[in-house]
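The values are calculated or read from the model by the stated rules, or taken from the named source; none is laboratory data. Since the structure is predicted, the reported quantities are computational estimates derived from the model, not experimental observations. Quick reminder, even Gly has a Cβ in these numbers, built from the backbone with ideal geometry, and neighbours come from all protein chains shown. Surface accessibility is based on the protein's heavy atoms, side chains included, excluding ligands, DNA and RNA. Shrake-Rupley method; radii C 1.70, N 1.55, O 1.52, S 1.80 Å.
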Amino acid sequence: MISRLHSAAVLGIRGYEVQVEVDVQKVEETGRFSVVGLPDTAVRESVQRVTAALQNSHFFCPGQLLVTVNLAPADVKKQGPGFDLPIALGLEMAIQHNYSGLPEAFVRRVPADVSEWCIIGELALDGAVRGVRGVLPQAVAAREAGRRFLMVAAENAAEASVVEGMQVYAVESLSEAWQVLLDREQHAPVLPDPAAAASAAEVDFDEIKGQPYARRAMEIAAAGGHNLLMSGTPGSGKSMLASRLPTILPPMTHEEALEASQIHSVCGLLPMGGGLLSRRPFRAPHHTISDVGLMGGGSTISPGEITLAHHGVLFLDEFPEYSRRTLETLRQPLESGVVTISRASGSMDFPCQFMLVAAMNPCPCGYMGDPRHSCRCRPADVERYRRKISGPMLDRFDMVIEVPAVDPASLLSKPDGESSAAIRARVTAARRLQQARYAEVGITCNARLTGKWLRRFCPLSEAQQALLLAAVEQFGLSARAFDRILRVTRTIADLAGRETIADHDLLEAIQLRQYESQLRQ
């Protein structure tokens, strides 16, 4: 009799169900234990882990057995150690069914029905069950496949328990796993802990001194999901502003938190023992990052930084120091919200709807325009430095602003800005207006408005149209910049709680873009 259990694996960032089939045949010669179904090295090595775990957990595992484990579907490569536990349980079930003459000490009652179970876990040599990466998307896949019960390591239980419609059971050893399968009702499932999602922010906007213009730009960017480029001298507060942006972003919906958490789970970045991400992701890779590190890929296709920033913020400090090629790869994902990674082994799509926030100096030395420092850069050096950012890349920003040097006197004064909580309340209210307005068309925020929807939801009077056209002509802006000004205008009106766009909304949006013309000079 062949034993069959269900497990799961990850392909890219999505989980899929795997059926674990175990067949046992008694042979006269030395036995053999093989795993088929496109296993990688970690899966093939499960033979040694499973054998040692069974023996050290006092299960019967004789040597004269021909054991064949099949992982279906057989045309998809299986990765990771998460199949250890289902293989061990399936092997013991097959032995109990098929091996006659077992010593009485090893005869065990066999679980009656395991068809509704999904089992995931790595085994230590002593039979302990260890956590694995990617449990969250695997739990989602198990639910979609119709499984009702999920067995995982104790350290993965909180993560898996956030999936609605699944009863999650945490086990710490192979022996305990067998007992749970035998009598599930004697063991309590793990319940999601709402308190686990709460985490206090370590920084706050009220710590920022001065920079009212930049703070206003940050609020608008958060309210509409807009991309923002800041240019300013060293020490003007660009990085400080960017690091506090997540504290004013609206809370993630359950669906957004689930998507972002699945990505972090696959990459091993979801804290063990934690549930869903409580705050929007904030990724700040160093400027030496490679194309693969930023976009994703590799021999085993995995997500990059832009996917890890999904539903959050990607902050690129020292923007011109990134390689030109790396920056240009951002252009298409910024428009579509999806990055396609194609390799000889196949093609995979990763979501990447994020806010791009970048910071740069006005010149190589950083002090152009600083009243307290003299800039010694030659015009050719400044031009070469700014040309590292192409025109099409500049077009991807909704706002391009200057962040001036901070007055030293203000450093000794008390902070005069609002707290993150106060700003976040306005941002959240503006996002709710957008969600209600775009409910029928499936748009999440103003930054995603395109085509006919942009014209429909951002109507301008004839005078406003003439004003916008004059600004585009004066500052040499592109058609893409024209659309982005409209989106920012819509967000400014939403922050004020108005459905009608006012003249000063449009003027402020134009002002938040005009610094771009200086960078193009």
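Quick notes
- Cα centre as origin, Lys/Arg/Asp/Glu Cβ charges: region 407-483 dipole, Debye: 480 debye
- Kirkwood Rh, angstrom, region 416-521 [1 / mean 1/r, Cα pairs]: 14.7 Å
- In the chain, Cα pairs under 8 Å separated by at least six residues give a relative contact order of 13 percent.
- The chain: calculated mean residue ellipticity at 222 nm from DSSP helix runs of at least 4, using -39500 (n - 2.57): -10500 deg cm²/dmol
- Gyration tensor verdict on region 197-283 (Cα atoms; rounded if a/c is under 1.5, prolate if a/b is larger than b/c, oblate otherwise): prolate
- Amide N of region 318-333 lying under 18 Å from the label point, which is placed 7 angstrom from the Cα of Lys388 along Cα→Cβ: 318-331
- A 1.4 Å probe run over the protein chains yields, for the chain, 44 Å² of accessible area per residue, whole-number rounding.
- Protein accessible area in region 1-131, 1.4 Å probe - carbon and sulfur %: 50 percent
- Relative contact order (percent, whole number), region 53-134, Cα cutoff 8 Å, 6+ residue spacing: 43 percent
- Volume per residue of the convex hull around the Cα atoms, evaluated for region 356-477, comes out as 183 Å³.
- Rounded to the nearest 5, the antiparallel percentage of DSSP beta bridges internal to region 4-71 is 75%.
- Each of [x] 0.96; [y] 1.09; [z] 1.01 is a candidate for Rg/Rh (Cα atoms, Kirkwood Rh); the one calculated from this structure is [y].
- Region 105-221, Cα convex hull volume normalised per residue, Å³: 158 Å³
- For the chain, the Cβ-based charge dipole about the Cα centre amounts to some 1500 debye (Lys, Arg positive; Asp, Glu negative; other atoms uncharged).
- Rg in Å to one decimal, and Dmax rounded to a whole Å, for region 253-344 via C-alpha atoms: 13.6, 40
- By the rule of a C-alpha distance below 18 Å, with chain neighbours fewer than 8 residues away ignored, the aspartates and glutamates paired with Lys414 are Asp204, Asp206, Glu207.
- For Lys452, the shell of other residues with beta-carbons less than 15 Å away shows a net charge of +4, using +1 for Lys and Arg and -1 for Asp and Glu.
- Anisotropy class of region 353-416 from Cα gyration tensor, a/c 1.5 cut: oblate
- The region of the chain that goes longest without hitting one of the trypsin sites (Lys or Arg not before Pro) in a DSSP loop, each with at most 11 other Cβ atoms within 10 Å, is 110-371.
- Stokes-Einstein D for region 1-147, Kirkwood Rh over Cα pairs, 4 °C, 1.567 mPa s (µm²/s): 84 µm²/s
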